[in-house]
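The values are calculated or read from the model by the stated rules, or taken from the named source; none is laboratory data. Since we're looking at a predicted model, the values are computed, not measured. Note that each Cβ is placed from the backbone with ideal geometry, even for glycine, and that neighbours are counted across all protein chains shown. These area figures cover heavy atoms from the full protein model, side chains too; ligands, DNA and RNA do not enter into them. Shrake-Rupley method; radii C 1.70, N 1.55, O 1.52, S 1.80 Å.
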Amino acid sequence: MSPQLSTQEAAALAGRVIDEVEKAVVGKRDALLQVLAAVLAKGHVLLEDFPGLGKTLAARSFARALGIEFTRAQFTPDLLPADLTGSFVYDQRRGEFEFRRGPLFTGLLLADEVNRTPPKTQAALLEAMQERQVTVEGETFALAAPFHVLATANPIEYEGTFPLPEAQLDRFLLRVSFGYPSAREEYDVLARRMTRRREEVELDAVTDGAGLLAMQEAVETVTVDESVGRYCVDLAVATRNHPDVLTGASPRGSLGLVLAARAFALLRGRDYVVPEDVKAIARSVLAHRITVKPDLWMTDVSGRSVVDAVLQQVPTPSTLARP
């Protein structure tokens, strides 16, 4: 049974996790906060960025700082569902089949280059993400909590890839990009590497699985005023009515806004959500749930630009004063 934490205690613990991860991932605090917010909201994250920007390092560092089991699956065109879920193997000594678990049975799974595997294997991952279970030969196996997927995708190489269907994209609570570091931050990466004289960055476990579950329970106590909840709904509805959009964010998008905003509010040390929390994570929650019209694919119109537009259009509710 996980210990109970107050909002302030959970915020302090989460801050220590971020500080520990920043020992390895330099200059990306805002993006790291969003990834942690998704984990605290019991969600999954799609890290979509160019190669070499620290996506794999960030996933491994979060697993280490959170003190949970970490596995990595390299997604390739020949990866089979059983390579993820595990399979039944015949035990000659006992004369019966036994189930050998695959990499999905973990605390944090890094699904590396998730768009390089066929839809059949992507579907196995989808069941695990949505249902927290896997089905092998008609038998269902539950995944222990906590279970989170951090998937990576390269946005520029499409040859030999299998684009994620909208249904699977919708299962990711956030899509986050790190972007290139500044020249100062990039030199800091070099300096740290030369100082430690080894490739690996040693990180300490700040908490463990029970501690992570306790932080997630603390997020559930964060309150959302009706005006803020309706603001989330209005943002999602506005994406559906935007003239450049073919399909907008579903109700799962407005729910994702509320869930991620609660976690973001906790990271900021509050037990209530303000509109600024919603705005801080709106792009990452909504952009990948929006499909622009086909005739605009060669223009600058994108899910992110649509979210920016609706943030300007939808009236922001007044922030309620709290003692």
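Tabulated results
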quantity	calculated
Highest to lowest packing among 30-38, 292-300, 79-87, scored as the average C-beta count within 10 Å	30-38, 79-87, 292-300
Solvent-accessible area per residue for segment 75-221 (1.4 angstrom probe, square angstrom)	54
P(r) histogram, all alpha-carbon pairs of segment 103-170 included - 10 Å bins from 0, percent	19, 51, 25, 4
Residue-averaged [θ]222 nm for the chain, counting only DSSP H segments that reach four residues, each worth -39500 (n - 2.57)	-13500 deg cm²/dmol
Flagged links, alpha-carbon separation over 20 Å, of K23/K55; K28/K55; K42/K120	K42/K120
Candidate lysines - alpha carbon under 25 Å from K293, same-chain residues fewer than 8 apart omitted	K279
For the chain, alpha-carbon Rg and Dmax in angstrom	20.4, 69
Only Lys, Arg (+1) and Asp, Glu (-1) charged, at Cβ; the chain dipole about Cα centre in debye	440
Dmax and Rg, reported as Rg then Dmax, of segment 39-95 (C-alpha, Å)	16.3, 49
Residue (of G303, H288, A265) at the positive-pole extreme of the chain, dipole from beta-carbon charges	A265
Dipole magnitude of segment 41-200 about its Cα centre (Cβ charges: Lys, Arg +1; Asp, Glu -1), debye to nearest 20	740
Heavy-atom accessible surface of the chain: percent carbon and sulfur, 1.4 Å	52
Sequence of D188, D204, D78, D170 when ordered by accessible area, the most exposed leading, probe 1.4 angstrom	D78, D204, D188, D170
V26 - accessible surface, heavy atoms, 1.4 Å probe, Å² rounded to 10	20
Gap separating the Cα centres of segment 127-177 and segment 18-41, nearest whole Å	21
Electrostatic dipole magnitude of segment 61-105 [Cβ: Lys, Arg +1; Asp, Glu -1; Cα centre; debye, to 20]	180
